Each structure stands twice: as C-alpha cells, then as structure tokens.
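These notes concern the structure reproduced below.
Computed from the coordinates by the stated procedures, all read-outs in this text should not be read as laboratory data. Since this is a predicted model, take the numbers as computed values, not measurements. Note that we place each Cβ from the backbone using ideal geometry, even for glycine, and neighbour counts take in every protein chain shown.
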Amino acid sequence: MKFIRFIYKNDVKSGIIKDSQIYEIDHGDNKELLNIDFNRDIISGKSYNYNEIKIIEPTKPSKLVCIGLNYKEHGEELEMELPEEPKIFLKPETSIIAHEDPIIYPQMSNQVDYEGELAVVIGRKCKDVDIEEAKNYIFGYTIVNDVTARDLQAKDGQWTRAKSFDTFAPIGPCIETDLNPLDQKIKTKVNGKVKQYSNTKNMIFNVYQLLSFISNIMTLNSGDVISTGTPKGVGEIKPNDTVEITIENIGTLKNTLIKN
C-alpha cells in the first residue's frame, strides 16, 4: 500500500495511491503509524487526481538518521576502508522537503552533490530492538536524497554543516508499506542521465541491522526516518539540474536545484 500526504484546498490530508488515484483516509489521532488500518480508515472513499493536489513530505519525523558508507562499491570509489559498524549522522527536520520542491543552493558552498537512498519509516516507538524483531517496528519505505555540500564536508572534517542546510533532505513521494527492502533496484538520474544504479542487496548493513543498531543508541519515534546510505556514482549538481531517484516498488522522487 502506498501511503501519501498531500494538500487539497489548503488542508493537509492523508491518503493511499490506488489505480493512479489518491483516496483520502482519516487515521484520526493515531500516534503510531502502525496503528493505521487502511481498510477501516478509508472512510469517505473520496478520491483526487494528481493535478488537484500538492504532494508534501510523507512523514513528519522528529529526526532523520542517515548512514554514511553503506554500499561496498561506494567505499571502493571513494577509496575508503569499509566500516565495521554503521556510521550514523543526523539531519534536522528543517532540511526536509517534499517531492518536486526546490533544493536551494547555499551561498557558502561551491559544490552540492546528490545521494539517492532507500529510507525506512518507523511505525512504532522503539528502543533496544533485536535484529530479528526490527521488521515489527517498520511502517514502510520511501526515498531520500541526502544532499550534501561536499566542499564544506571536506573542510569541516565532520558532516553536520554540509548535510543540514534547509532543503537538503528531499523525501517521498510516498511510503510503500509492502516491500522487500533487501532486494530493490535503486537508480538516480540527473537531467535524464543515469548516474547511480545499484540494488539494496549490495548494502553492507541491511535495514534490520541498521534499525537495531540505531535503536540501541537512541529511541526511535513513530514517523522517524532512517536513510540507509547511497550507492556508487554520487556527484555534483549545478543550479537548474533536476535529480530523479527511483526505487522500483516505491516510485520516483524528483527535485530541482535552484540558486536564489
């Protein structure tokens, strides 16, 4: 099931995508996404066409936890030693934008890079989760572009500034609740040209290992996002470049870089 959030006539709504239509649902005051019953919560049957609505970010996380260097081939292209445990960093909520929102080129940077990634959306508050139990806390999966000011990352020696600019975390367009995260093709195109092409089976640490590892450090809340790292082929984007990240059973996240 593809879960989506959108705006219709200035109202924020939730829905599911079915047969190229968006069907509105009302999941009330559920604080845990895993409590949503898509059959029960489809109350009106009201549907919308894409040209009637504005897609917004599919979740409002309290934090976006990202993984650095989680594909073997990405480590090889960077000539970096592969990690023995996941390398994590955080992006602030203010970095998050939706499908087709513009990425803003920061004035203090001279190199902005794309990074296409599969992302996990937490469905239930959790802490100290075993790997074997991890899937029980996952609501679904979406796409993240881990936009990075690469020159500032190299200058600082740590990643917070380079990763945290407003608009540096496009996410969406939807959350797929029924997906095998261990075998998904992932492709990134810039201006229609393929730049990244891999499969999530090439991850060093799979999504269940990542959820377990992170939850043993911090509490994960419903709606939080884990972005699972990027394959080889990352590179620079220039103003007016359009990035499209496709994961076969989720869809395509599309954003354009602009300079104010």
Shape call for the stretch 49-137 from the C-alpha gyration tensor, a ≥ b ≥ c root eigenvalues: rounded (a/c under 1.5), prolate (a/b greater than b/c) or oblate? oblate
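So how do 144-153, 194-203, 112-121, 2-11 stack up, highest first, on mean other-Cβ count within 10 Å?
Details: 144-153: 23.0, 194-203: 17.7, 112-121: 25.5, 2-11: 15.8.
So the order, starting with the most tightly packed, is 112-121, 144-153, 194-203, 2-11.
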Once the dipole of the stretch 146-260 is set up with Lys and Arg at +1 and Asp and Glu at -1 on Cβ about the Cα centre, which of LEU210, SER164, VAL234 lies farthest towards its positive end? VAL234
Protection proxy (average C-beta count within 10 Å per residue), highest first, orders 225-231, 46-52 as 225-231, 46-52
Once the principal axes of the Cα atoms of the stretch 110-209 are found, what is the range along each, listed largest first in whole angstroms? 43, 32, 25
Could you give the C-alpha radius of gyration of the stretch 124-181 expressed as a fraction of 2.2 N^0.38 Å, taking N as the number of residues it contains? 1.52
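If you restrict to DSSP beta bridges whose two residues both lie in the chain, what percentage is antiparallel, to the nearest 5? It would help to have the intermediate numbers written out before the result.
On the way: 61 of 68 bridges.
Percentage antiparallel, nearest 5: 90.
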Rounded to the nearest 0.05, what FRET efficiency is calculated for LYS125 and GLU236 with R0 set to 35 Å and r the Cβ-Cβ distance? 0.35
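For VAL194 and SER62 in the same chain, what is the full-extension length gain: residue separation times 0.36 nm, less their Cα-Cα distance, in nm?
Length gained, VAL194 through SER62: 44.3 nm.
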Could you tell me what fraction of 2.2 N^0.38 Å the Cα radius of gyration of the chain comes to, as a two-decimal ratio? 0.97
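Percent relative contact order of the chain, based on C-alpha pairs within less than 8 angstrom and at least six residues apart?
Working: 668 pairs, mean separation 67.8, N = 260.
With pairs under 8 Å counted, the relative contact order is 26 percent.
Using only helices, what value at 222 nm comes out for the chain when you add -39,500 (n - 2.57) per DSSP H run of length 4 or more and divide by the total residues, to the nearest 500 deg cm²/dmol? Show your work: numbers first, answer last.
On the way: 5 runs with 31 residues, N = 260.
Calculated mean residue ellipticity at 222 nm is -3000 deg cm²/dmol.
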